[in-house]
1. Near the amide H of A:ALA140, under 5 Å away, which other amide H atoms are found, from residues 5 or more places off or on another chain, if H is placed in the peptide plane?
2. To check you understand DSSP bridge types, tell me what percent of the beta bridges within chain A (both residues inside) are antiparallel, rounded to 5.
3. Express in whole angstrom the spacing between the alpha-carbon centres of segment A:190-220 and segment A:38-68.
4. At most 10 other Cβ atoms within 10 Å and a DSSP loop assignment: could you name the trypsin sites (Lys or Arg not before Pro) in segment A:79-117 that fit?
5. Per 0.36 nm of contour for each residue apart, how much would the distance between A:GLN225 and A:SER207 grow if the chain were fully extended, relative to their Cα-Cα spacing?
6. Let me see the pair-distance distribution of segment A:77-225: every alpha carbon pair, 5 Å bin width, integer percents in order.
7. Provide, as a two-decimal number, the C-alpha radius of gyration of segment A:15-148 over 2.2 N^0.38 Å, N being how many residues it has.
8. Just need the Rg to Rh number for segment A:3-72, please, alpha carbons only, Kirkwood Rh.
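What follows draws every value from the coordinates through simple rules; no lab data is involved. Because the structure is predicted, anything quoted here is derived from the model rather than measured. Backbone-built Cβ (ideal geometry, glycine too); neighbour counts: all protein chains shown.
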Amino acid sequence: MQSDTLGQIQNDREGKTPVVRALDLESGEEHLIRPFEDDSGSPLVQAARNAALADKSQVFEADGKRIFLQVFNPPLRMIVVGAVHISQALVPMAQIAGYDVTVVDPRRAFGSDLRFPGVALSNDWPDVAIEALKPDRRTAIVTLTHDPKIDDPALNVALTSTAFYIGSLGSRKTHAARLARLTTVGFDDDAQARIDGPIGLAIGAKSPAEIAISIMAKITQTLRQTPSEGSPVSVEQAPPAVSAGA
Amino acid sequence: MKDSSLVQQEEADILRQAADWKAQGRDVAIATVVSTWGSAPRPAGSQLVVDGEMNMIGSVSGGCVESAVVQEALEIMETGMPKLLEFGVSNSAAWDVGLACGGKIQVFVERLN
């Protein structure tokens, strides 16, 4: 590996840009691919994109070459709108699962440091707060206030982002009313379908902690089981004989 | 734990260490798991960084094959020629370097230039 390459990987991480290192396992030659910025459409870039989406480093085989695609994704993030009871259970669960969490609630009595010790809090309006956080495809956004004044501005911004998960608390009735409001501000069916509502995996959750589990489960499922674009990378199979170690 | 997933955080720390060591003028080699078959202890992408004094950070197998990888790494620091190593199922009756867990891994070892 060249020190330059290493430096660029570190810069991309700081800038929250996914980057894939393509390494020729025979020659040791390497180059970096920014899979969501590179429009060349080559099979290698497509494979790099799939690897980044799956968050899985893997070997890509083409033209008799074995290219290792090493994925460097930015950290997972979660934006929780509503410093409510469910959030108090969801935030620590998300942190354990590796998410960098920000709680947004313009109601200062709710979004106070006392209720969420050690967590990044924003008391801005959700649209302003979320825009400033620049959600990307490694970000999940959850709205939990079921107050349209607070949740709707959050959704309006969330739906224009590439966030991999958007979920909104509320009954079927509440959710239908929410979708009707989104229609009036111009979000079509495809956009609305991105919202997980009623929120979470259906596990019969009742208590705030159980609801948090169901939300965390759904986010995990979305992160790990969403099919990738285009054709899959070549399936791993037994490799040809290589120079053995030891 | 607050920043990012444990694996990712670790990965970032390992590469930062590699860059720091290099900046201090040390010889550095990087070993990366590139593929796994069966039950392997660390997934593809896992890394071990070694310097010329055999200081190391990270892991490629959780201890089973590290010593063999370090030996190869020292040689690669000298020659600059990268190498693809393969470690297979260990025969528990023998003292061979191998994976007791019954998996197989390929590890790419290269010098940081």
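1. A:ARG77, A:MET78, A:ILE79
2. Percentage antiparallel, nearest 5: 45.
3. For segment A:190-220 versus segment A:38-68, the Cα centre distance is 32 Å.
4. A:ARG108
5. Stretched out fully, the A:GLN225 to A:SER207 stretch lengthens by 3.8 nm.
6. Histogramming segment A:77-225 at 5 Å steps yields 2, 10, 22, 25, 23, 13, 4, 1 percent.
7. Output field value: 1.37.
8. 0.95
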